[in-house]
Amino acid sequence: MPASPPRHILVLDGHPSADSFSAALARAYARGATEAGHAVTLVHLASMSFDPHLGAGYGTAPPLEPDLLELQAHMTQADHWVLAYPVWWGSVPARLKGLLDRVLLPGFAFRYTRGQSVPERLLRGRSARLLVTLDTPGWYHRWVQGAPAHRMMRDAVLGFCGLAPVRIRSHAPVLHSSPQQRQAWLAAAEALGRSGR
């Protein structure tokens, strides 16, 4: 029995390489969630086929490729999103950013209304969990750099579209971490999956 009521969970491995610690975290979470009875869809960014460039902007956005249409359907169905990705240069990898640009479109993720400065958040009713890897120490990312990647994803992307709460679990520093530390992180991700949080 799940620790919480069964959920529809979308797990997105947002690393552009199929062989990464982010992918391992995504698989661990998905395994725990599946074993606990949650309905899980696991998607790997590395296996998706799409143009990550929005080009001229939202006014002339190109048609969505089949992989992006399928991801939008999973996003709509899921009540909990889990994104596993590394922090590169204080942000997410370019291909993941391109994915967000392409799928979180006006009319799908948010809608501006004339006379309103804040858009309608069309993805309300969903929560999110971020499984983030960093090679810099967590304290440095937070206190020296101001946690720009966390703030971007929590507030400017997911929160902007209505997802709440957005919980973040940082894994840092991954660089030079021991096999025992990585196994502990994977076990923690699997436990989060079982909880559905």
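Just so it is clear, none of the values below were taken in a lab; they were calculated from the coordinates. Keep in mind it's a predicted model, so treat the numbers as computed, not measured. Every residue, glycine as well, gets a Cβ built from its backbone with ideal geometry; the counts of neighbours run over all protein chains shown.
One table, with the values for the structure above:
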read-out: Cut-off under 5 Å, modelled amide H: who pairs with V40 long-range; value: I9
read-out: Segment 37-83 - Debye-derived log10 I(q)/I(0), Cα point model, q = 0.18, 0.19, 0.24, 0.34 Å⁻¹; value: -0.67, -0.73, -1.00, -1.29
read-out: Value in Å of the Kirkwood radius, where segment 4-57 supplies the Cα pairs that are averaged; value: 12.4
read-out: Separation of the T113 and A39 label points, Cα + 7 Å toward Cβ, nm; value: 3.0
read-out: For the chain, calculated [θ]222 nm from helices alone, where every DSSP H run of n ≥ 4 adds -39500 (n - 2.57); value: -9000 deg cm²/dmol
read-out: Equivalent ellipsoid dimensions for segment 68-129 as semi-axes, Å, which come from the Cα gyration tensor, largest first; value: 22, 16, 12
read-out: Dipole of the chain, positive end: most advanced residue of V103, Q72, G138 [Cβ charges, Cα centre]; value: G138
read-out: Per-residue HN-Hα couplings for segment 158-168 [Karplus 6.51, -1.76, 1.60; θ = phi - 60°; Hz; x = Gly/Pro]; value: 5, x, 4, 8, x, 6, 6, x, 10, 9, 10
read-out: Distance from segment 9-56 to segment 156-177 (C-alpha centre basis), Å; value: 14
read-out: Candidates G159, G37, G59: whichever shows maximal mean-square fluctuation once the chain is modelled as a Gaussian network with Cα springs under 10 Å; value: G59
read-out: Share antiparallel - DSSP beta bridges, the chain, percent rounded to 5; value: 10
read-out: Kirkwood Rh, angstrom, segment 109-167 [1 / mean 1/r, Cα pairs]; value: 12.8
read-out: If the convex hull is drawn through the Cα atoms of segment 1-126, its volume per residue in Å³; value: 130
read-out: Taking N as its residue count, the alpha carbon Rg of segment 56-197 over 2.2 N^0.38 Å; value: 1.14
read-out: Amide H partners (placed H, <5 Å) of F110, local residues excluded; value: L122
read-out: Residues with amide H under 5 Å from that of A147, placed H, sequence gap 5 or more; value: R142
read-out: Highest-fluctuation residue, A84, A73, A128 considered, GNM on the chain with Cα pairs under 10 Å; value: A73
read-out: GNM result for the chain, Cα springs below 10 Å: residue of R27, R114, R102 fluctuating most strongly; value: R114
read-out: Karplus-derived 3J(HN,Hα), 6.51/-1.76/1.60, for each residue of segment 178-186, Hz, glycine and proline x; value: 7, x, 5, 5, 5, 5, 5, 5, 5
read-out: Backbone HN-Hα couplings from phi across segment 41-54 [Karplus 6.51/-1.76/1.60, Hz, Gly and Pro as x]; value: 10, 10, 10, 10, 3, 4, 9, 8, 10, 6, 8, x, 8, 6
